Structure formats: structure tokens, C-alpha cells
Amino acid sequence: MRTRDLDDTADTDRTPTRTADPADFTVRHVDPATDSALIHRWVTHPKSAYWMMQDDSLQDIEEKYAAIAVDEHHDALIGLVDGVPAYLIERYDPRHVALVGLYPPEPGDVGLHFLVAPTTTPVHGFTRAAITSAVHTLFADPATRRVVMEPDVRNTAAHEVFAHAGFTIVERIAKPEKDAYLCVCTREEFTRSPGGRALAD
């Protein structure tokens, strides 16, 4: 089964209410003009503290995602299930964004920032399904050989979720804004991971 692409459509400000199979997700590019209000609510939510955007204004978000939309090394996608926005990912070239000078990139490395939609009614297993879908989206490009992430060292819950999709911690790195772990997932590790196996069933 494959994660499907979805044409841009109007979304309501809801959160999914069922446990999803990773293949049930669809993805579309962020439209800064119409998605910034939703993203602003997500990134300023207390559960999104590790994104360090708690004090950003709506204008800040609009400007950030407008810049990403025209950046050849960076783009942003929203994952949906049943037509409901479920997660945000930023896909980037680590040679130019986020990890410049912090590790030796290899050909085919693609960076990933991941945020599941904050909710007061979490659904068991949903975040693991969402990260599996997000990583699958990046590996859908045959040029992608590894996906790399740099989560905050304090975000232990995220480390466990990322491991479900095949990520391993390689080393601790010092970024200007945080101490982070460099996490890496190869295509083969994703396929063998619990998330990857669930997608293949």
C-alpha cells in the first residue's frame, strides 16, 4: 500500500478521531495563504513547545511558510486522514538547511521536521502511523537514500516515535537554538521498522 497524493482542498480545523493505517494518509503542499492560521494554532500550542515557535505571530508564520514555498532547498507538506489535517512536515536539504556544518551529509540525505496536530483527545497509535506516513512520503522519491532528523535531546517521547519508523540516534549535536540528536533512517531501516512493516502489510 502506498501513501497517496491529494490535490489542494479546503480543510476544516479539526483533528482526526480514529486510528489510521499509515496508508490512509494523503499529503499536499502547504499553501501559506490558506494554511498559516491552522499552522499557527498548531505550532503555538503548549504541546508543540519543542518547535520553539510559541511566541510567533500569525504574520511570522505566514512569512516563514511563504519563504519556504519559494526555497529550492526546503518545502512544507500537510498530511491528512479522512480529509482532516493531521500533521505538518518540512522536507529540506541538510546541505543547505538546519544541519549545515553539523554533520557530514551523504548523497541522498533528506531532512525532516515533523509535527503531529495537537489535540486534547489523542488517539492511540495515531502519531506512530503519522510518522510512518511522513517518512514514506520522503522515501517515495527514489533519490532519497536516508532521512535525517534533529530532535531536541529532551524530547524523549519523540525519540520513541521516531524509532518506530526506523530512526537511530547517531550522535548529539549542538545547534544554536538547542542541543539535538542527529537521527538517521535508511531506506532499508525504514522497510524493516515496525512502521515500515505495517505499511507493507
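Please treat every number below as a calculation from the coordinates, not as lab data. Just so you know, these numbers come straight off a predicted model, no measurement behind them. Note that we place each Cβ from the backbone using ideal geometry, even for glycine, and neighbour counts take in every protein chain shown.
Tabulated data for the structure shown
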quantity	calculated
About the Cα centre, charge dipole magnitude for segment 135-201 (Lys/Arg +1, Asp/Glu -1 at Cβ), debye	100 debye
Separation in nanometres of the label points that stand 7 Å from Cα toward Cβ, at E106 and A69	3.6 nm
For q = 0.11, 0.14, 0.18 Å⁻¹, Debye-computed log10 I/I(0) when each Cα of the chain counts as one equal scatterer	-0.46, -0.79, -1.42
Cleavage-rule hits (GluC sites (Glu not before Pro)) in segment 140-186: DSSP loop, at most 14 neighbouring Cβ within 10 angstrom	E177
Convex hull volume of segment 83-192 per residue (C-alpha atoms, cubic angstrom)	113 Å³
Alpha-carbon Debye profile of segment 47-99, log10 I(q)/I(0) at 0.16 Å⁻¹	-0.60
For segment 98-110, 3J(HN,Hα) per residue [Karplus equation, 6.51 cos²θ - 1.76 cosθ + 1.60, θ = phi - 60°, Hz, x = Gly/Pro]	6, 10, 4, x, 9, 7, x, x, 10, x, x, 6, 10
Inter-label distance, nm, simple model (7 Å from Cα along the C-beta direction), E188/A174	3.4 nm
Rg/Rg_ref, segment 126-177, where Rg_ref = 2.2 N^0.38 Å and atoms are Cα	1.21
